[in-house]
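Undergrad: Dropping the structure in here first, questions after.
The numbers here are math on the coordinates, done by the rules we state, and not lab data. In this text the structure is predicted, and so the values were computed from the model without any measurement. Reconstructed Cβ throughout: ideal geometry from the backbone, glycine too, with neighbour counts over all protein chains shown.
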Amino acid sequence: MAARTFTINDQLISAREGETILQAAREHGIFIPTLCYLDGVSAVGACRLCLVEIEGSRVLRPACVTPVVEEMVVRTDTGRLREYRRMIVELLFAERNHVCAVCVANGHCELQDLAIAVGMDHVRFDYAFPRCDVDISHPLFGIDHNRCVLCTRCVRVCDEVEGVHTWDVAGRGADARVITDMRQPWGEARSCTSCGKCVLACPTGAIFRRGATVGEMERDRNKIAYIVAAREQRW
Amino acid sequence: MGRLRLATIWLGGCSGCHMSFLDLDEWLFELAQHIDLVYSPLADVKEYPERVDVALVEGAVANEDHLHLIRQVRERTRVLVAFGDCAVTGNVTALRNPLGAPEALLHTIYVERVGTAGCMPHAPGILPPLIDRVQPVHKIVPVDVYLPGCPPPAPRIRALLEQIIAGGEIRLTGREMIKFG
């Protein structure tokens, strides 16, 4: 496979053909923040946290879905990018009711970690305080829409890895919600196999194991990539 | 530099941030050499004084009394610190916001759920009226420093106070200083 040589932050990088900027950066230990990206499922470029600057390009590009091009010059950590990333994280916090202190994922949350990484000590936008449901109709798992960031990892892992597509997104804009089956309570969603892959994939405390209390919801998100890799090697 | 005039304020919060402040333990003796505690729920001073150097404000703005006090604090204080998650984000105090206007909420809690003996809390001059939406402090008055945490751990409070005592620019970064929750 042909190699591609390009630079990230003045560092010369060699990548395989077809690799994305994010993959190449990670292989070389260069940190680019992500939220909707999850190893093992397709990348969708939805959260915009991995935006990078590319010399000669007027627009910013999401690193997770932008393939490396020979001699490309990429910057991942400029003042503009840092400000945009902090704004994105602040908007995520303002959009739903994220209360770390009483969240099952406190201490194990990718959104909380991102807030630290982007230096968010407070949110400059007005909080929306939307009314959101909590669905605990499933015998094993629950979904708290207060904590959902609409990354669609649950949708993708259910569709692409479990092959079921119980999860999807309904509604638009601020009314968008992840749903199970035809927007039924999760416990009545007949297609759900209760495999728990969505629980593994969720970056926040939105999808959780029932019975978990504050800070108890730890999960190994690498398991998804592990399952996919094991399968690819067998087939 | 003279001794700092320090105040601590308790708005809509659980007092956990003040408890964490007390967790500074023996370092409080060290702190006492640099500050005069001029107003605090721990000091029983009735009127918020003039010319305060630093105020640690715990809690969100949830009622009319908080509104009045925080405006007074802002007018009379040089460095206003939003102290803990309720002050910074609204946090647990703001959990009522998505549930709608406070009157309906109070009615549910004090009348509907109580049965025949329930009545609305009503004590003018004693019970301050709730404001429509609980707000973080910076939505009401300008804030100079944000110290997240529920509560901010004692070492975090100490690190901030040491920076304030040292003078110069205040910089809070990293998990140890700005993790919420």
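Undergrad: Which whole-number percent of Cα pairs in chain B have a distance greater than 22 Å? Could you put the intermediate results ahead of the total?
TA: Working: 7702 of 16290 pairs.
When all Cα pairs of chain B are counted, 47 percent exceed 22 Å.
Undergrad: How large is ³J(HN,Hα), in whole Hz, for each residue of region B:64-80 in order, when computed from phi with the Karplus curve 6.51 cos²θ - 1.76 cosθ + 1.60 and θ = phi - 60°, using x for Gly and Pro?
TA: Result, ordered by residue: 4, 4, 4, 4, 4, 5, 5, 5, 5, 4, 4, 4, 9, 10, 7, 10, 9 Hz.
Undergrad: What whole-number value in cubic angstrom gives the convex hull volume per residue for the C-alpha atoms of the protein assembly as shown?
TA: Values: hull volume 75.8 nm³, N = 416.
Convex hull of Cα atoms, per residue: 182 Å³.
Undergrad: Between residue A:20 and residues 5 or more places away or on another chain, which pairs have amide H atoms under 5 Å apart, with H built 1.01 Å from N, and which residues are they?
TA: A:68
Undergrad: Per residue of the protein assembly as shown, what 222 nm ellipticity follows from adding -39500 (n - 2.57) for every DSSP H run with n ≥ 4, rounded to the nearest 500?
TA: Dividing the helical sum by the residues of the protein assembly as shown leaves -7000 deg cm²/dmol.
Undergrad: For a protection proxy built on the mean count of beta-carbon atoms within 10 angstrom, sort A:146-154, B:172-180, B:2-10, A:129-137 highest first, please.
TA: Descending packing order for the listed peptides: A:146-154, B:2-10, B:172-180, A:129-137.
Undergrad: Label residue B:112 and residue A:57 with points 7 Å out from Cα along Cα→Cβ: what is the distance between them in nm?
TA: With each label point 7 Å from Cα toward Cβ, the separation is 5.2 nm.
Undergrad: On a 0 to 90° scale, report how tilted helix A:222-234 is relative to the longest principal axis of chain A, with both axes built from alpha carbons and the result rounded to the nearest 10.
TA: The angle comes out at about 70 degrees.
Undergrad: Additional query: Got a sec? Which residues in region A:20-41 would a label at residue A:169 touch, if it sits 7 Å along Cα→Cβ and we count backbone N under 16 Å?
TA: A:35-38, by backbone N distance to the label point.
Undergrad: Can you give the translational diffusion coefficient of region B:86-175 in µm²/s, computed by Stokes-Einstein from the Kirkwood radius over Cα pairs at 10 °C and 1.306 mPa s? Intermediate values should be presented prior to the final figure.
TA: Working: Rh = 16.4 Å.
Translational diffusion coefficient: 97 µm²/s.
Undergrad: To continue, here is another question. What do you get when you divide the Cα radius of gyration of region A:3-77 by 2.2 N^0.38 Å, with N the number of residues?
TA: For region A:3-77, the normalised Cα radius of gyration is 0.99.
Undergrad: Taking Cα centroids, how far is region A:131-150 from region B:17-95 in Å?
TA: Taking the Cα centre of region B:17-95 as reference, the centre of region A:131-150 is 36 Å away.
Undergrad: Residue B:68 to residue A:176: FRET efficiency via 1/(1 + (r/R0)^6), r the Cβ-Cβ distance, R0 41 Å, to the nearest 0.05?
TA: Numbers: r = 40 Å, r/R0 = 0.97.
Once rounded, the FRET efficiency stands at 0.55.
Undergrad: Which whole-angstrom value gives the distance between the alpha carbon centres of region B:124-161 and region A:60-116?
TA: 26 Å
Undergrad: If you don't mind, there's one more thing I want to ask. In percent, how large is the relative contact order of chain A, given Cα pairs closer than 8 Å and 6 or more residues apart? Write down the numbers at each step before the final one.
TA: On the way: 424 pairs, mean separation 45.1, N = 235.
For chain A, the relative contact order is 19 percent.
Undergrad: From the square roots a ≥ b ≥ c of the eigenvalues of the alpha-carbon gyration tensor of chain A, which class results: rounded (a/c under 1.5), prolate (a/b over b/c), or oblate?
TA: oblate
Undergrad: Classify region A:1-132 from the C-alpha gyration tensor, please: rounded if a/c falls under 1.5, else prolate or oblate depending on whether a/b exceeds b/c.
TA: Prolate is the answer for region A:1-132, as a/c is 1.5 or above and a/b outweighs b/c.
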